[in-house]
Amino acid sequence: MIEVELQSMNWAEYVDGFVNGDLPFFILGWFPDFADPDTWLSPFASCIQSPDNGVNYCNEEMDALLLAAASSSDPEERTTLYEQIGELYAEDVPTIPLFWEPEFVTYRDGVEGVVIGPPFEFNYNVLSFADDASPASGSADTIIIGTTDEVNSLDASDAYATHDWEIIKNTGAALLSYTPGTSELVPGAAADYPTVSDDGMTYTFTLRDNLMFADGTPVTAQNYVDSWDRLNNLEGQVSGLIQLYVDTVVAVDDLTVQYNLKSSFGFFPALAATAPFVVTNPAEFLPDAINQFPAIVDGIGPYRMVSHTPGEQMVLEANPFYFGDDAPMIQTVIIKYFANPTTMSNAIESGAIDIAWRTLGPVEAIRLQSVEGVTVVQVDAPALRYMVFNHTYTISE
């Protein structure tokens, strides 16, 4: 007989536990990294990525199938390959899907521009107040967002949590981005869509003219090369996501950056819109060390982070050098961190915050639906809870 002891841990301890292989099995939540079936499978079933999630599963046959499916652009062939992957997955059981987890966003009357999605996309720069709104701060130039999430890492070479990516995407900009609330990819830091080689293994991006970090430092293609080298060399939590697909990154000239892939991956444009493809400011993120909690973040996104008190609040200010036509409508974003959904729910009800987002939970969301002056929206978020098995853990008799 095997006795099982259930334990609760804080998130940092939990991450250390499963990454270091100390947990035999555990529950893990998952959001897709990008829009493709591969993002549901490779993080748990590939030799490179599964250790980052504590699964430690490695099967050469599975890796070959995953690579073949990711490389194929033929829908019928991909369907056949994913059927084979599913059969092998069911035999070896890296994980067991448990349930879909709904998300809710709640906001006070007068708050406008609240659009969530696709995953990890909550664009603060499109938020605004109606003329008759009563902002929590008392000023239409400041919006307060509540969350029960916490910051684990703001380093794009390391961060691999939902809230972290949300902050990184608001203080940075990937080469491609999504039109808010849609799956439409549009140029971000890139001036246009990439050109693709005939074999599908080389993507070439031309950067926008006069890109600058929020501290006024010019951005060149070499910054993208340096960011890639840094991610590749530091082996942060997210490195496996990129190393599986990208071979080398080359600066062709100051405005041209070339990504050479390990194989042909049709979903690479969606991957290029993720947080690890955000260029990092070398003044804050040195080449030889991960910086999970920088004092400031001067990226190229619509906002810059000017302060962060863990467990209390983060303050973002509009980036004066932001390149986009969608410059922030609200100058200051304050993110308040709450210990639990109940205290956050009380804050949105009392008007102490303008928006409550991640994770409110169904109990508080249902209660708030009857509160006057508050709008509750269930978000189409593909969050899934898994039971994860550590394939290298030995249970002693």
Do you know which of the residues in the stretch 102-115 that are at pLDDT 90 or above and not in a loop (DSSP other than H, G, I, E, B) is surrounded by the most Cβ atoms within 10 Å (Cβ to Cβ)? THR106
So TYR224 passes all but one of these: (1) farther than 23 Å from TYR322 by Cβ; (2) without any contact (Cβ under 8 Å) to a residue 60 or more places away in the chain; (3) out of contact with any Leu (no Cβ under 7 Å at 6 or more places or on another chain); (4) not basic (Lys, Arg). Which condition number does it fail? (1)
When the residues of the stretch 3-46 are narrowed to those that are at pLDDT below 85 and of a type in the set (Val, Ile, Thr), which ends up surrounded by the fewest Cβ atoms within 10 Å (Cβ to Cβ)? VAL4
Given the residues ALA90, ALA70, which is the only one that is modelled with pLDDT under 95 and over 27 Å from the mean Cα position of the chain (by Cα)? ALA90
Among the residues of the stretch 322-335, write down those that are farther than 13 Å from ALA140 by Cα and buried (at least 19 other Cβ atoms within 10 Å of the Cβ). TYR322, PHE323, ILE335
Please give the number of the condition SER128 fails out of (1) within 30 Å of PHE338 (Cα to Cα); (2) among the polar types (S, T, N, Q); (3) buried (at least 17 other Cβ atoms within 10 Å of the Cβ). (3)
Would you tally the residues in the stretch 347-361 being touching a Phe, Trp or Tyr at 6+ places or on another chain (Cβ under 9 Å) and not hydrophobic (A, V, I, L, M, F, W, C)? 4
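To keep it simple, each residue is scored yes or no on (1) crowded, with 24+ Cβ neighbours inside 10 Å; (2) farther than 17 Å from ALA174 by Cβ; (3) outside the structural domain of PRO43 (by TED's automatic domain parsing).
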residue: ALA251; (1), (2), (3): no, yes, yes
residue: GLY266; (1), (2), (3): no, yes, yes
residue: PRO269; (1), (2), (3): no, no, yes
residue: ALA283; (1), (2), (3): no, yes, yes
residue: LEU286; (1), (2), (3): no, yes, yes
residue: ILE296; (1), (2), (3): no, yes, yes
residue: ILE300; (1), (2), (3): yes, no, yes
residue: ARG304; (1), (2), (3): yes, no, yes
residue: GLU312; (1), (2), (3): no, yes, yes
From the residues in the stretch 345-390 that are on the phi > 0 side of the Ramachandran plot and at pLDDT 95 or above, which one is nearest to the chain's Cα centre (by Cα)? GLY351
Test for ALA90: is it outside the structural domain of PRO362 (by TED's automatic domain parsing), in a helix (DSSP H, G or I) and not basic (Lys, Arg): yes
For the stretch 256-299, name all the residues that are out of contact with any helix residue (DSSP H, G or I) (no Cβ under 6 Å at 6 or more places or on another chain), closer than 18 Å to ASP192 by Cα and in a loop (DSSP other than H, G, I, E, B). GLY266, PHE267, ALA272, ALA273, THR274
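The values are calculated or read from the model by the stated rules, or taken from the named source; none is laboratory data. Model, not experiment: these values are computed from the prediction. Backbone-built Cβ (ideal geometry, glycine too); neighbour counts: all protein chains shown.
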